[in-house]
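See structure below.
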């Protein structure tokens with residue numbers, strides 16, 4: 001029996017003037033998918049630091065966290081290995097940067113869109129849950 005691998009990630013949702021920044025990347029099957037920037041928490045790194053680092057790497061924007069947003073938990077298969085993953089999501093705002101991804105091999109595209117437009121682009125269940133939360137923000 002294959003042991004279950006546990007992964008911990010963190011990511012950021014940049015919301016400005018009612019618009020979200022989405023990135024397009026390839027999923028495990030190689031399909032292009034719109035999502036929010038996120039990545040693995042490195043050893044000794046806090047979830048907050050990982051989220052800020054990953055957003056900077058994947059979007060080129062330096063951000064600050066304005067608050068916690070959501071924790072997603074899900075399972076998937078990576079090859080023959082079952083993976084249980086949790087992602088801590090934070091709401092962010094831009095403070096600087098150039099908007100040029102530092103990991104161009106990972107990021108296929110990037111765009112700002114309204115919450116309504118994001119509703120038609122996002123596919124992951126956890127991303128849609130985040131979108132529902134954002135729609136309820138004052």
Length released on extending from residue 106 to residue 24, taking residue separation times 0.36 nm less the Cα-Cα span: 28.6 nm
Helix-only CD estimate at 222 nm, as mean residue ellipticity for the chain, using -39500 (n - 2.57) per DSSP H run (n ≥ 4): -6500 deg cm²/dmol
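Under the classification rounded if a/c is under 1.5, otherwise prolate if a/b is larger than b/c and oblate if not, where does segment 73-138 fall, given a ≥ b ≥ c as square roots of the Cα gyration tensor eigenvalues? Could the numbers behind the result be given before it?
Values: a/c = 1.83, a/b = 1.22, b/c = 1.50.
In terms of gyration-tensor shape, oblate.
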Spin-label model distance (nm) - residue 129 vs residue 93, 7 Å beyond Cα toward Cβ: 2.7
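Using Cβ counts within 10 Å as a stand-in for footprinting exposure, how do 109, 86, 127 rank, fewest first?
Working: 109 11, 86 15, 127 23.
By the 10 Å Cβ count, ascending: 109, 86, 127.
What is the Cα convex hull volume of segment 5-135 when expressed per residue in Å³? Before the final figure, lay out the partial values.
Working: hull volume 13.9 nm³, N = 131.
About 106 Å³ per residue, rounded to a whole number.
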Nearest-ten-degree value, helix 47-59 long axis tilted from longest Cα axis of the chain: 70
Label zone at residue 5 (point 7 Å along Cα-to-Cβ), backbone N below 15 Å, segment 100-138: none
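FYI, it's all coordinate maths here, none of it is from the lab. Only a predicted model underlies this, so the values are computations on that prediction, with no experimental measurement involved. Cβ atoms come from the backbone with ideal geometry, glycine included; neighbour counts cover every protein chain shown.
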